[in-house]
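Asks: Structure incoming, see below.
The values are calculated or read from the model by the stated rules, or taken from the named source; none is laboratory data. It should be emphasised that the depicted structure is a prediction, and the values quoted were computed from it without experimental measurement. Here the Cβ positions follow ideal geometry from the backbone for every residue, glycine too, while neighbour counts run over all protein chains shown.
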C-alpha cells in the first residue's frame, strides 16, 4: 500500500498467476499467456479461478485486439474520452508481457528521444558514446525484452515525431549509429497506441503510419445497467485504493448514470464520459466519508455533479436543471435528487 | 469446361472426406433420408458427393410438389442463381422458395440432371402452403442456450463453427434436430401436416435406391417414424408457379430457418472453395480490398488477422464474423462500411433463361437491349429516345413495379422480385406489353375530366392505339364534368394537346364564377383550381376580376381572386360586412409576395386607414400574419432608401411619448411599413381622434366599444395595466398588448399578463415570444451575415500572397468600421510589408484604436486623424 496506484499486474497478481498455472493453450512467441487466457483475463471468467472482468463490451473487439497483438501489426484503440482505452491497453500489456509499466505519454512535447533513446550527457562527455551512456526509452526497452509498450494519446504527438514510429513498426529495429549497431526487436514486442476522437482527430496521423495499425474502435456504453455495473466496480476499486469507506447507494448510482446518459444523448452531445461519472461519484464518496454521514447523499452527488458539468459546458447546467425537473418524477430517489439538484444548481 | 469441373471435383473429394457417410448411408436397399440445412454449403457439398458416390435410383427433394414442372428451368445452364420459385394465385397471396448456388436442393437437382437420375419435389404443394400464413417465429431458447454455453455471439456463428468447417457430421446433425424437436412449442401443426405429406410421397416410391433430401428438422421425424399420416393436408385450389430471378440483398433480409441466409455471397464462396473457409475468407477480403482500394500488404495482414482470430475463438477456420472483424480492423480503420456488406451479402440478381412467360422474356430482353438496369436498388436515368420511353410507359401502365416517372423524362428504376411476380401475373392479359398496356388502358373507366386527362396522357405515352378512345372519353367528360378543380387539373395535364386543352380551359372559364360562390368547405379546391387556371392562360385574369366584384361570391374567394391578379380595389367589399374573410383571401392569394408590391401596399394602406374600428380589429391578426414573412433585410433596405427621419423621433416613438408623432413617423416610413404597418396602424387610428383628458380615457377604458383605443391612448403602462387588470376585459387586454408591443420597457407588464387568465395571456405570451425571438434572431443574423460577408476579406487581409491584395483587404475591413475586426487588423498591423502595416494602422483608427497611428508620423492620413479629423 505504499504507492497511490498499483499497476495492473500488481493488482491482479493472483489472477494472473492462476491463469498462468492453468494455461495449456499454445502461446505466441514472447507471450506469457495464451491468447485465450488473455481474453479470459480481460473479459472475466469463472475458471480456473473467479476472474473479474476488466473491460465491459463487445467480446469480438477484445478478440480482435488480442489477435492483432499476436500479429506483426500494431494495435490502435480509438474512442471517445472515458471509453476505457487506457484501461484496456494497460491490462492487455499486463497479461501479455507481465508488465504494463512500459508507457510513453503522448503530448505535444514528446520527442523522438522518448520513442528511441537519448544520452546521459555527463557520461557521454566523460567517456564518449558507449552502452553506459545510452538512456533507453520505454519503446527501446520493450524491443529489447520482447514486451508490449503502450503509447497513450498518440494523436497528440507531433506528426514528425510520430513518423519515427513508422520505422520501428515496419522494420522492428532501431539503428544506433553512434554505437555502430542496431537493436532488433525481440519476439513478443508490439505497440498498443490509444487515440482520442474528441481531441485532435485520428486524421492527424499520416496514412503511412495508420497503415501499420489495426484499428479497434471502443464504443460509448449505451446501456444503463452495463454502465452502472462498470461504475460500481470501478468505484469499489477506487475506494479500496484510496481507503475511502463511504457507502454509495445504488439509487444514487442509477440516478446519476441516467443523468449522464441523457446528457450524452441530448442536444449538446455532452462529452461527459463514464470516467467522469466515476469521478463525480468518487468525489461524492470522499465528501460523504470526510464531512458527511458516511453515506453518499443526493446532496453530495448533486454538488459534485454541478462541478463536473459546469467545467465541461456551462450551457449544460441549464439543460441539467430542466432535465431533473422533468425526469422520473414518482420515485423517491429522484425526488430527493431533484431537491438536492435545485439547491446545488442555482 | 468439363476438365475444369473434373479438377474441381478432385479437389473437393480430397477435402471433403466422408467418414460418417458410409455408416449413415449403409446401402440403398431402403430409402435414405439425407438431412440438410437450407443454403448451407457444407450440406450441399456433402450431398453432392453422396449422390456422385452412391448413385441413388431416384432423388426426392423437399420442395413444392406442384413445382415439378419447373425443374428443367432450375437446372438449365442458363439459369444463374439466386433464383426462386414464385407461387401465387391471381390477386391472392404469394410464396417464395429461394435457391442459392449453394442450396443443397438445387445442388441435388443439378447433380441428378447431370447423372440422369430422376428427381422430383415431395413437399406439400405451394397451393396448400399459400393458404397457410407464414409460420410464427419458433422459440429460440435452445439456440440461445447453445450460444451461451459454447461462447458464440449468434446462432449463425455457432452453426458455421460447428457444421460448416470441415466435414459435416450427419449423425450429430440429426441428433441436434431431435433436440430442437423435443423443445415444447417448436413443432407446429403445419409442420406435422407437412411431415405427413412428405412421408406419404416417400411411401409412393419403391424404397430401394431412394434418396430423400430434406431439412434436418423434418428429416428427424421421418427417420424416427414420428409421423401421423392422417394429418396430410387436403388439396387446395391450384396455384401458378414460375422460376424468377432473385437477389442477394433480399435473401439476406429474409429471416427464419431456411428462408434466408445472412451472407449469401460469402457462403457461395465457401461452396465454390469446396468447403474451405480459409479460401472463401481470403477471396472475400481480396474483393473487399479491391472495393476499398487497400494495398496488398494490408490485405495479407487482414487474412492473417482473420486466421488468428479464428484460432483465438477456437474455430477451425475463419468464418464470416472473422472476415468482418478483420476487414474492419485492417482495411477500414475500425469503421463499418457498406463495402463489407456488398462483398459478403452480394449485390447481384439472378437470371432465368427459360421462363414460361413471353412477357417476362420481353421484359428481360428489352431491358438488356436498351441498357436499362435490372438491379435490386434504385437508379435514376434520363430517357431521351422514344423506344425506351414507350417501353417504360407500357410497363408502368401495366402496373408492373419497375419504373417511376419523376419528371418529364427522368425515371427511377428498380427491379425487385415483385417485378417479375407482377409480370407473371399479367401474362394472362396478353403476350406483349403493348397488349397488356392496351388492356389496362381500356379497362380504365374515367369518371372525371382529370382522370380522363391522365388516360389521354398515358394512352399517348404508351402508344398502343387507344388514343382515339381516350380522347373521346375526355371530350365527353369535358362537357359533363362540373367540377372546376377536375377541369383545371385536366387542362394542366393536357396543356400540350391543343384541341382538348382549349375545350377544357374554355369550360373552366365558364364554370369559374359559379364555383366562386361555393360554400366554405369547397374553398381549397377552388383556390387550387384558380391558381392552376391562371398559370395556364392570361385570359383567366378578366374572369378573376369579375369574381372579385361579384357580390354573391364567397367573400374569401373573391378576395382570393383579387389577390391573384394583384388588384388594388380593396374597398369593393367594405359594405358586404365580411371584411375579414375577404381580406384573408386577398392575403392568402399573394402569400409572402404581398410586402413586395408597392401598388398593393399602398392600396392596403389606404384601405386600412379607411376602416371602421370593429372591422379593423377583425383584420388585425390577418394583417400581422400577412407581413410576418417579410425579411428583416428587406425592411432595412427600404429604410435606407428613405430620407433620414427627424433626430430622436424613433426613440420618442419607441418610448410611447410620441403618439401624436406616430402619424408623421408612419407617413415618412410608409415604405418601411411592410413590416411595421400592422404594428403602427392602431396608433395611427388612435391618434386621428381628438385628444382627450386622462379622466375621459379612463372612463372609456371601461366601455367595451371604446376600450381598445382608450387603452392605447393612455400611454402610461402602469396606469393601463391597473385598468386592464380590473376590467379583465378581452378587448382592453388586447389593446394593452398592442401598447406593450410598442414599448420596449414593457417586459414586466407582459409577463404579468401572460400569467393571467386567457385569452389575454396567450396574446401576451405571443408578444413576449416575438420580442425575445426577434431580438435574438436579429442579433445572431446580423453577426453571422457580417462574418460571412467578410470572411473572404479577413482571409485575404491575413494570408494573401500579394502585399497589394492584403493592403486592399485591410482597407476594406477598415471601411466597415466594425470593432469585430479589430483583432484581425491588429495582426495585420504587424504584417511583414510596410504598406500593409500602414493601411492597417489607418484601418485600426477607423474601428477606434488609434495606438498604431503613431508609427506613421509621416503619413498624411495619420496626421489628419491624429489632429482630430475623420479617418
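Table: residues versus (1) surrounded by fewer than 17 Cβ atoms within 10 Å (Cβ to Cβ); (2) more than 51 Å from the chain's Cα centre (by Cα); (3) modelled with pLDDT of 75 or more.
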{"position": "B:787", "(1), (2), (3)": "yes, no, no"}
{"position": "B:791", "(1), (2), (3)": "yes, no, no"}
{"position": "B:806", "(1), (2), (3)": "no, no, yes"}
{"position": "B:820", "(1), (2), (3)": "yes, no, no"}
{"position": "B:824", "(1), (2), (3)": "no, no, yes"}
{"position": "B:827", "(1), (2), (3)": "yes, no, yes"}
{"position": "B:833", "(1), (2), (3)": "yes, yes, yes"}
{"position": "B:841", "(1), (2), (3)": "no, yes, yes"}
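Asks: Residue under question is residue B:234, and the condition is that it be within 30 Å of residue B:424 (Cα to Cα) and in a loop (DSSP other than H, G, I, E, B); does it hold? Spell out how you get there, then give the answer.
Replies: Details: within 30 Å of residue B:424 (Cα to Cα): yes; in a loop (DSSP other than H, G, I, E, B): yes.
Yes.
Asks: Still on this structure: Quick check on residue A:238: is it in a strand (DSSP E or B) and away from chain B (no Cβ under 14 Å)?
Replies: No, not satisfied.
Asks: For the stretch B:323-333, which residues satisfy the criterion of being within 9 Å of another protein chain (Cβ to nearest Cβ) and part of a helix (DSSP H, G or I)?
Replies: Let us first name the residues in the stretch B:323-333 that are within 9 Å of another protein chain (Cβ to nearest Cβ), namely B:324-326, B:328-330, B:332-333.
Passing the criteria: B:324, B:325, B:326, B:328, B:329, B:330.
Asks: Sticking with this one: Give the stretch B:425-434 a look and list any residue that's surrounded by 17 or more Cβ atoms within 10 Å (Cβ to Cβ), in contact with a helix residue (DSSP H, G or I) (Cβ under 9 Å, 6 or more places away or on another chain) and more than 17 Å from residue B:403 (Cα to Cα), or say none.
Replies: Across the stretch B:425-434, the qualifying residues are B:427, B:430.
Asks: Would it be correct to say that residue B:288 is buried (at least 23 other Cβ atoms within 10 Å of the Cβ) and within 12 Å of chain A (Cβ to nearest Cβ)? Full working, then the answer.
Replies: Numbers: buried (at least 23 other Cβ atoms within 10 Å of the Cβ): yes; within 12 Å of chain A (Cβ to nearest Cβ): no.
So residue B:288 fails the test.
Asks: Scan the stretch A:12-35 residue by residue and report those that are at negative phi, more than 14 Å from every other protein chain (Cβ to nearest Cβ) and out of contact with any helix residue (DSSP H, G or I) (no Cβ under 6 Å at 6 or more places or on another chain).
Replies: Result: A:12, A:13, A:14, A:15, A:16, A:17, A:18, A:20, A:21, A:22, A:32.
Asks: Run down B:139, B:127 and say which single residue is at pLDDT below 90 and either assigned to a loop (DSSP other than H, G, I, E, B) or more than 29 Å from residue B:426 (Cβ to Cβ) (or both).
Replies: Result of the check over B:139, B:127: B:139.
Asks: Of (1) modelled with pLDDT under 80; (2) within 20 Å of the chain's Cα centre (by Cα); (3) outside any loop (DSSP other than H, G, I, E, B), residue A:271 satisfies all except one. Which?
Replies: If we test residue A:271 against (1) modelled with pLDDT under 80; (2) within 20 Å of the chain's Cα centre (by Cα); (3) outside any loop (DSSP other than H, G, I, E, B), just (3) comes out false.
Asks: Across the stretch B:304-316, which residue is farthest from residue A:214 (Cα to Cα) among those that are surrounded by 23 or more Cβ atoms within 10 Å (Cβ to Cβ) and more than 8 Å from chain A (Cβ to nearest Cβ)?
Replies: B:310
Asks: Would you check which residues across the stretch B:334-361 are assigned to a helix (DSSP H, G or I) and touching a helix residue (DSSP H, G or I) at 6+ places or on another chain (Cβ under 6 Å) and list them?
Replies: Correct list: B:339, B:340, B:343, B:344, B:359, B:360.
Asks: Let me ask something else about it. Of the residues A:37, A:8, A:17, which single one is closer than 20 Å to residue A:90 by Cβ and loosely packed, with under 15 Cβ neighbours inside 10 Å?
Replies: A:17
Asks: Only one of (1) in contact with a strand residue (DSSP E or B) (Cβ under 7 Å, 6 or more places away or on another chain); (2) crowded, with 20+ Cβ neighbours inside 10 Å fails for residue A:54. Which number is that?
Replies: Unmet condition: (1).
Asks: Restricted to the stretch A:149-162, and to residues that are surrounded by 15 or more Cβ atoms within 10 Å (Cβ to Cβ) and in a helix (DSSP H, G or I), which residue is farthest from the chain's Cα centre (by Cα)?
Replies: Of all residues in the stretch A:149-162, those surrounded by 15 or more Cβ atoms within 10 Å (Cβ to Cβ) come to A:149-158, A:161-162.
Those left that are additionally in a helix (DSSP H, G or I): A:154-156, A:161-162.
Values: A:154: 13, A:155: 15, A:156: 16, A:161: 23, A:162: 21 Å.
In this case the residue turns out to be A:161.
Asks: Collect the residues in the stretch A:211-235 that are exposed (fewer than 14 other Cβ atoms within 10 Å of the Cβ), over 30 Å from residue B:297 (Cα atoms) and either within 14 Å of another protein chain (Cβ to nearest Cβ) or under 19 Å from the mean Cα position of the chain (by Cα) (or both), keeping them in residue-number order.
Replies: Correct list: A:222 only.
Asks: Of the residues B:275, B:319, B:293, which single one is in contact (Cβ under 8 Å) with a residue 60 or more places away in the chain and within 14 Å of chain A (Cβ to nearest Cβ)?
Replies: Within the list B:275, B:319, B:293, the selection yields B:319.
Asks: Something else now. Is at least one residue of the stretch B:215-237 closer than 30 Å to residue B:363 by Cβ and either away from every other protein chain (no Cβ under 14 Å) or touching a strand residue (DSSP E or B) at 6+ places or on another chain (Cβ under 8 Å) (or both)?
Replies: Checking the stretch B:215-237: at least one residue is closer than 30 Å to residue B:363 by Cβ and either away from every other protein chain (no Cβ under 14 Å) or touching a strand residue (DSSP E or B) at 6+ places or on another chain (Cβ under 8 Å) (or both).
Asks: Take residue B:374 and tell me if it is touching a helix residue (DSSP H, G or I) at 6+ places or on another chain (Cβ under 6 Å) and part of a loop (DSSP other than H, G, I, E, B).
Replies: yes
Asks: Name the strands (runs of 3 or more DSSP E) wholly within the stretch A:36-148 that hold at least 3 residues that are within 12 Å of chain B (Cβ to nearest Cβ) and closer than 30 Å to residue B:319 by Cβ?
Replies: A:74-79
Asks: Looking at the stretch B:15-30, can you tell me whether even one residue there is modelled with pLDDT of 85 or more and assigned to a helix (DSSP H, G or I)?
Replies: no
Asks: Inside the stretch B:182-191, can you point out the residues that are under 45 Å from the mean Cα position of the chain (by Cα) and surrounded by fewer than 17 Cβ atoms within 10 Å (Cβ to Cβ)?
Replies: Passing the criteria: B:183, B:184, B:185, B:186, B:188, B:189.
Asks: A follow-up question, please. Confirm whether residue B:566 is outside any helix (DSSP H, G or I) and farther than 30 Å from residue B:444 by Cβ.
Replies: Yes.
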